[in-house]
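Report on one structure; see the data block that follows.
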Amino acid sequence: MESISTALISKALDGLTARYEATAQNIANANSPGYRPIRVSFEDSLRRAAAEGPAAIAGVKPEIELAPMPRIASEMRLDLEIANASQTAMRYGALLSILGRQMEIARSIVSGGR
C-alpha cells in the first residue's frame, strides 16, 4: 500500500515534469512571432486532493493553459522562462531527495534496522 506522502510526491513529480516540458517548449519558441507561452498548474488541485485521500490524488492531472498576453511587450520574457526552468529543476531535485529518504527508511524497516 502506497503512503499518502509517496502518492503526493509522485504526482508532484508528474506535474513538475509537465511544467519543465512546457517551459522547454516556451524557450524553444522564444523567437517565434506571435507565440504564446504555455503554463502548467497542478499545486492547488493536488492540495485539495490531499485532503480527500489517495484516490483523489491519483486523479490529479496537470492543467496546461496559455499564458496571458503581456501588457507591455509583445514578446515573451526568455529570462523568466529560464528562471522558471531553474526553479522547477530545484523543486524536482528536492522531491527526489525526499522520496529517496522515504525509501531508505522503508528499506531499513524491511531489513530489521540492519
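Highest mean packing comes first when the peptides 22-31, 60-69 are listed by Cβ atoms within 10 Å, giving 22-31, 60-69.
Highest-first packing order for the peptide set 41-51, 8-18, 92-102 is 8-18, 41-51, 92-102, based on the mean count of other beta carbon atoms within 10 Å. In a reduced charge model with +1 at each Lys and Arg Cβ and -1 at each Asp and Glu Cβ, region 4-110 shows a dipole moment near 140 debye about its Cα centre. Computed from Cα atoms, the angle from the helix 4-28 axis to the main principal axis of the chain rounds to 20 degrees. Taking all Cα pairs closer than 8 Å and separated by 6 or more residues, the relative contact order of region 4-110 comes to 35 percent.
None of the figures in this text is laboratory data; all of them are computed from the coordinates on show. Remember, it's a predicted structure, so these values are computed and weren't measured experimentally. FYI the Cβ positions are ideal-geometry reconstructions off the backbone, even for glycines, and counts take in every protein chain you see.
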